[in-house]
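Worksheet: the structure to be examined is printed underneath.
A short reminder: the numbers here are calculations on the coordinates, not readings from a lab. The structure displayed is predicted, hence computed values, not measured ones. Positions of Cβ are backbone-derived with ideal geometry, glycine not excepted, and every protein chain shown enters the neighbour counts.
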Amino acid sequence: MSFRVDDRQNPSRTIRVLSIFSLCLTLVAMLTGLLFVLRTTGGTLFLFSFLAPIFVLAAISVFVVIQILEFRQRHKLFVIESYNAGETVFRQGDPAESAYFIRSGEVEVVDEPTGSVIRKLGPGDYFGEIALIADAPRSATIRAISALELAVLGKRNFLNMMRLMPTTEKAILQTVQERATHAVAPARDPSSANR
């Protein structure tokens, strides 16, 4: 699986690197201040009075950028994930943490014990909602048929969306009901239909 976020970088790694850089700048400013206190000469006076404020301002600027990145990360609704053909998005029985909306590509929904393909889904379809609504493990395995791009919505945001948008909730519950009916229909004994 190749993981991609909207800004084409892993934001938590970017934040970590910027935090370390900001701390290093602050440390350099503090060390020049200590050097000034210990050895007050013309050179250290220049170093402290000219370079230390530059290091402090740079550290503050980097810190502000970090705060903005963290704010954007916390308030982002969707994360974009990409999969290659044949890769598994999740397996039957896995814990449910997200709902997935297909932006491009196709997936197959597989019943793992039998290995049978239950259905195929394409752009505009979504999956993973049943386990979130039921607060249960994944009911099927999802595998990419072709190159796949998904918009992933976390469990809390998904449940909030359903609560705040009644028409969306109704459409999703209707899809869940249709999928449940489709899953039960093949399980019926064909001989009982003739009775």
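Here are the numbers:
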{"item": "Backbone N under 15 Å from the LEU18 label point (7 Å along Cα→Cβ), restricted to the range 60-93", "result": "60-76"}
{"item": "Table column - 3J(HN,Hα) (Hz), the range 86-99, Karplus curve with 6.51, -1.76, 1.60, x for Gly and Pro", "result": "x, 6, 9, 6, 7, 10, 4, x, 5, x, 8, 10, 8, 10"}
{"item": "Rounded if a/c under 1.5, otherwise prolate or oblate - the range 78-186, Cα gyration tensor axes", "result": "oblate"}
{"item": "Additional length obtainable on full extension of the chain from GLU87 to THR114, 0.36 nm per residue less Cα span", "result": "7.8 nm"}
{"item": "Eligible lysines near LYS155 by straight Cα distance, threshold 17 Å, same-chain separation 8 or greater", "result": "LYS76"}
{"item": "Ranked ARG138, ARG13, criterion: other C-beta atoms within 10 Å, fewest first", "result": "ARG13, ARG138"}
{"item": "Sites ASP94 and PHE71, calculated FRET efficiency, Cβ-Cβ separation with R0 22 Å, nearest 0.05", "result": "0.10"}
{"item": "Qualifying aspartates and glutamates (Cα of each under 14 Å from Cα of LYS170; at least 8 residues distant if same chain)", "result": "GLU129, GLU178"}
{"item": "At R0 = 45 Å, FRET efficiency that the Cβ-Cβ distance of ARG163 and LEU35 yields, to 0.05", "result": "0.20"}
{"item": "Spin-label pair PHE50/PHE78, simplified geometry with 7 Å Cα→Cβ offset, distance in nm", "result": "5.3 nm"}
